[in-house]
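**Student:** Sharing a structure below in structure tokens format, with a few things to ask.
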Amino acid sequence: EPLIPMESSEAEPSESRPEEDGAAPGNCLAKKMEITVSEAEKRTGRNAMNMQETYTAYLIETRAVESQNEGQCSPVDSLWRRYSEFELLRNYLLVTYPHIVVPPLPEKRADFVWHKLSADNMDPDFVERRRIGLENFLLRVASHPVLCQDKIFYSFLTQEGGWKEMVNETGFQLKADSRLKALNATFRVKNPDKRFTELKHYSDELQSVISHLLRVRARVADRLYGVYKVHGNYGRVFSEWSAIEKEMGDGLQSAGHHMDVYAASIDDILEEEEHYADQLKEYLFYAEALRAVCRKHELMQYDLEMAAQDLTSKKQQCEELATGTMRTFSLKGMTSKLFGQETPEQREAKIKILEEQIQEGEEQLKSKNLEGRDFVKSAWADIERFKEQKNRDLKEALISYAVMQISMCKKGIQVWTNAKECFSKM
Amino acid sequence: MEAEGRVPGPPPPPLPPAGGGIGAELPAIPPGAARAPLLGAPAEVLELDDEEDDLEVFSKDTSLAEANSFSPSMTISPSSMINQYKFEDEPELRDLFITVDDPESHITAIETFITYRVITKTSRGEFDSCEYEVRRRYQDFLWLKSKLEEAHPTLIIPPLPEKFIMKGMVERFSDEFIETRRKALHKFLNRIADHPTLTFNEDFKIFLTAQAWELSSHKKQGPGLLSRMGQTVRAVASSVRGGVKNRPEMFTEMNDYMETFSQKINVLDKIAHRIYKEEREYFNEMKEYGPIHTLWSASEEDIADSLKGVASCIDKCCKATEKRMAGLSENLLPILHEYVLYSEILMGVLKRRDHIQSELDSKIDALANKKADKDLFSEEIGKLEDKVECANNALKADWDRWKQNMQCDMRSAFTNMADNNLHYYEECLATWESFLASQTVDCHGEEDSEDRP
């Protein structure tokens, strides 16, 4: 039975969503549909400039979840997407839902690399980790109370052909405020919302501390790798040495074997740790999404203040014209003083125009105010949701890190217990 | 020698004195045969003049400028020494206990050098007193070693620490260097004390008991500097010439063994040093890693405790790494280094034995060619034959003893290393397990409050 496609929601910020609370609601896409990114494949094709390029395509598989499962398996639908299409989807979501902390994509290029890892995008380990990251992205969007209802997202999962055109037809690029991209531009907001200012600081701190942590972790991994691998040399030398020894030979030989085991064990250990690093990286990028929401709010506030300022000055102009007094300097006023006053008819006309503009301006200001309040309300709801998710996820990640360390220690104890026994028999 | 297989039961008793006593063995070393210079000096080390051996370059530590003691003396009590050293001789029979400690800097107008305090406690009759305390400098140890080599060319004289070390790990004459040297000197004297023959050497006794001026005047009696060069040169030359041709099978086997052993021990030494270096780098990074989590916890509320917990675990593991490193540098590294030096000493001993034999061989050849003076030659040859037999026996016995000790030392050193690593992982495991336990308790507490509408 085909899924009922959700209504397209070009969610205007003014529409508040009653489902926007903490947990993923029951009608969320993730509960109705199994989504996996199951494979990655190298492809060659021609790009926009008709040059040959190599890229990786990812297979997205979807399947309806039968709530009353009688052992029936619904068919699996699948399609291939490349990373740039994921990027397009995300950009669309960012513009269309500026009040939402939009889940991030896995990194475009390998960063925080320690020496053994490849920084090459085509490296199989990197591709594998990216596949997992992309799946995670889709699941995050699918379990988001607002985002999961988006039609474009649904099509991304189910409609192979013509999806790109569909996205572009929404015209979201036009809606995008180019000012948001200018990261360094500051907007002097006179009455900043304290909560958003604090949130912005928090996102900066989070970004900085996680980057630092990831960098040092990579160095620690590098050193740990060195310690383990050098022990592997013992294996070879013990073996050669045992050839000339009678009594010590056996002990040396078997101890050497354990040294080899020890040296080899670090590969799996560090591979697992890489997944932990990826979990942290997700929140490093989430910090950016958080900042984007703050930025959007800042801009809205700025626009509001500018509009209010503009309205005030127009009102003042109007008053001056009506009363004939010039409280504020204006060039027009000066020139009219020099070259003669206006006629009453001219003045009347001006006043009329201004009054129209003032009325328009007041309506606009009203709607902007409404917009702003709605934005703050829905943004803050999503931020609370995000905070809880973040706390859950990070705590889980830290626990999984501890579990990894414990496993590493247990392996170490086993190897060295065995080695010690061999040495004592030397 | 190795063909004997496992050595069951109690270790073989010390070599009984034969005839005039092996300790007083070789009669009248001909004046020409000089003391052998230190064969133990590795190629990397700068050759210094003897007087400069313990000269001090002023290090950054200005406390060296005064006649100061360095590190608190690690006085090792005789009873604890029994645990430290595993010797084939039953420990309860030991009657000579030596400690080396208390390095002190001395400044004169001409030079600056370091002396070490040597304390001897003994119950032996030939010692006038039962306790002695003297101060010796590195030069004195060098002198002792060459006297022993001179007196017992085919015995395995224990290694002395090098003049100075060029490897990156330790700075010239830093506290670390002095402490490493002190420990090695301590070991040197104790190995001699435990040697069934060397322990009765007269020069050894004088070294332990004589006051500074007595030692100086005694030293002047021996052959001079130049004669030191002679013996090894001749020994090397003779082995090149082919003192090898009548070499008994057993010594060829020894030679082959030593060549391989020497190779392997050098590589092991390098590996161990490299591991130390990697562990140090790991430690340095870990030191930075933990505090980042604490920093992060300052911006968080809900997860602040978890972050601080992780920070604390990492710091504890960091300290455990430090302990692991210390274990390595106190135990495995010095022993491997000692055996690197030993391998060179043993090659030298084998060469000297070859040289003694080649003296005999060349005399025999000369006899075959000259018919005259047959009687005189025969007597000489007889003496040389005795000399060769003594040398061979001495070496054989000492070789067996050395192999036993080597096996023992290696076993204990590597077992100790394994132990160090075990303790490290056990400590880290405990730390992380206790963190995990604290988190799962919290988790259950949180789950109840999550079901808010």
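The values are calculated or read from the model by the stated rules, or taken from the named source; none is laboratory data. Because the structure is a prediction, the values reported are computed rather than measured. Reconstructed Cβ throughout: ideal geometry from the backbone, glycine too, with neighbour counts over all protein chains shown. Heavy atoms of the whole protein, side chains included, go into the accessibility calculation; ligands, DNA and RNA do not. Shrake-Rupley method; radii C 1.70, N 1.55, O 1.52, S 1.80 Å.
**Student:** Looking only at residues that are more than 7 Å from chain A (Cβ to nearest Cβ) and more than 27 Å from B:P334 (Cβ to Cβ) in the stretch B:269-292, which one is nearest to the chain's Cα centre (by Cα)? Quick ask: steps written out before the conclusion?
**Tutor:** Quick first cut of the stretch B:269-292, residues more than 7 Å from chain A (Cβ to nearest Cβ) only: B:269-270, B:272-273, B:276-277, B:280, B:283-284, B:287, B:290-291.
With the extra rule that they be more than 27 Å from B:P334 (Cβ to Cβ), the set shrinks to B:290-291.
On the way: B:G290: 38, B:P291: 41 Å.
Out of the qualifying residues, it is B:G290.
Each row is one residue, and each column tells you yes or no for (1) free of Cβ contacts under 8 Å to residues at least 40 places away in the same chain; (2) within 14 Å of B:E433 (Cβ to Cβ); (3) open to solvent by less than 20 Å² (accessible area, probe 1.4 Å); (4) facing chain B (nearest Cβ under 7 Å).
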position: A:F386; (1), (2), (3), (4): no, no, yes, no
position: A:M408; (1), (2), (3), (4): no, yes, yes, no
position: A:K420; (1), (2), (3), (4): yes, no, no, yes
position: A:M426; (1), (2), (3), (4): no, no, yes, yes
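**Student:** Out of all the residues in the stretch A:241-252, which are out of contact with any helix residue (DSSP H, G or I) (no Cβ under 6 Å at 6 or more places or on another chain) and outside any loop (DSSP other than H, G, I, E, B)?
**Tutor:** Correct list: A:D250 only.
**Student:** Just wondering, is there one or more residues in the stretch A:222-235 that are in a helix (DSSP H, G or I) and basic (K, R)? Before you say what the answer is, go through the steps one by one.
**Tutor:** Looking only at the stretch A:222-235, we keep the residues that are in a helix (DSSP H, G or I), and these are A:222-235.
Narrowing further to those that are basic (K, R): A:223, A:229.
Yes, the stretch A:222-235 contains at least one residue that is in a helix (DSSP H, G or I) and basic (K, R).
**Student:** Here's a follow-up. Quick test of your reading of the structure: A:G133 fulfils all but one of (1) assigned to a helix (DSSP H, G or I); (2) open to solvent by less than 10 Å² (accessible area, probe 1.4 Å). Name the failing condition by number.
**Tutor:** (2)
**Student:** Hey, any hits in the stretch B:312-328 for a residue that's farther than 30 Å from A:L213 by Cα, open to solvent by less than 20 Å² (accessible area, probe 1.4 Å), touching a residue at least 24 places away in the same chain (Cβ under 8 Å) and touching a Phe, Trp or Tyr at 6+ places or on another chain (Cβ under 7 Å)?
**Tutor:** no
**Student:** Can you name every residue in the stretch A:391-406 that is more than 8 Å from every other protein chain (Cβ to nearest Cβ) and open to solvent by 10 Å² or more (accessible area, probe 1.4 Å)? Spell out the reasoning first.
**Tutor:** Taking the stretch A:391-406 as the starting set, the residues that turn out to be more than 8 Å from every other protein chain (Cβ to nearest Cβ) are A:392-393, A:396-397, A:400, A:404.
The answer is A:R392, A:D393, A:E396, A:S400, A:M404.
**Student:** In addition: For B:A366, indicate whether it is open to solvent by less than 50 Å² (accessible area, probe 1.4 Å), in contact (Cβ under 8 Å) with a residue 24 or more places away in the chain and small (G, A, S). It would help to see each step written out before you state the result.
**Tutor:** Details: open to solvent by less than 50 Å² (accessible area, probe 1.4 Å): yes; in contact (Cβ under 8 Å) with a residue 24 or more places away in the chain: no; small (G, A, S): yes.
No, not satisfied.
**Student:** Still on this structure, I have one more. Looking at the stretch A:300-323, can you tell me whether even one residue there is outside any helix (DSSP H, G or I), modelled with pLDDT under 80 and surrounded by fewer than 18 Cβ atoms within 10 Å (Cβ to Cβ)? Don't jump to the end; show me each part of the working.
**Tutor:** From the stretch A:300-323, those outside any helix (DSSP H, G or I) are none; that's our starting set.
There is no residue in the stretch A:300-323 that is outside any helix (DSSP H, G or I), modelled with pLDDT under 80 and surrounded by fewer than 18 Cβ atoms within 10 Å (Cβ to Cβ).
**Student:** A further question follows. Name the residue, out of B:T112, B:T120, B:T99, that is closer than 22 Å to B:I178 by Cα, modelled with pLDDT under 85 and not aliphatic (A, V, I, L, M).
**Tutor:** Details: B:T120 fails: modelled with pLDDT under 85; B:T99 fails: modelled with pLDDT under 85.
On inspection, the qualifying residue turns out to be B:T112.
**Student:** Out of the residues in the stretch B:293-305 that are more than 8 Å from chain A (Cβ to nearest Cβ) and not acidic (D, E), which is surrounded by the fewest Cβ atoms within 10 Å (Cβ to Cβ)?
**Tutor:** The qualifying residue surrounded by the fewest Cβ atoms within 10 Å (Cβ to Cβ) is B:A298.
**Student:** Also: Among the candidates B:V388, B:V349, which residue alone is surrounded by fewer than 22 Cβ atoms within 10 Å (Cβ to Cβ) and at pLDDT 85 or above?
**Tutor:** On the way: B:V349 fails: surrounded by fewer than 22 Cβ atoms within 10 Å (Cβ to Cβ).
One residue alone meets the criteria, B:V388.
**Student:** Okay, moving on. Can you give me the number of residues within the stretch A:237-251 that are at the interface with another protein chain (Cβ under 9 Å from one of its Cβ atoms) and in contact (Cβ under 8 Å) with a residue 12 or more places away in the chain? First the steps, then the outcome.
**Tutor:** Within the stretch A:237-251, the first condition is being at the interface with another protein chain (Cβ under 9 Å from one of its Cβ atoms), and the residues that meet it are A:237-238, A:240-241, A:243-248, A:251.
The next check asks that each one be in contact (Cβ under 8 Å) with a residue 12 or more places away in the chain; those that pass are A:237-238, A:247-248, A:251.
Qualifying residue count, the stretch A:237-251: 5.
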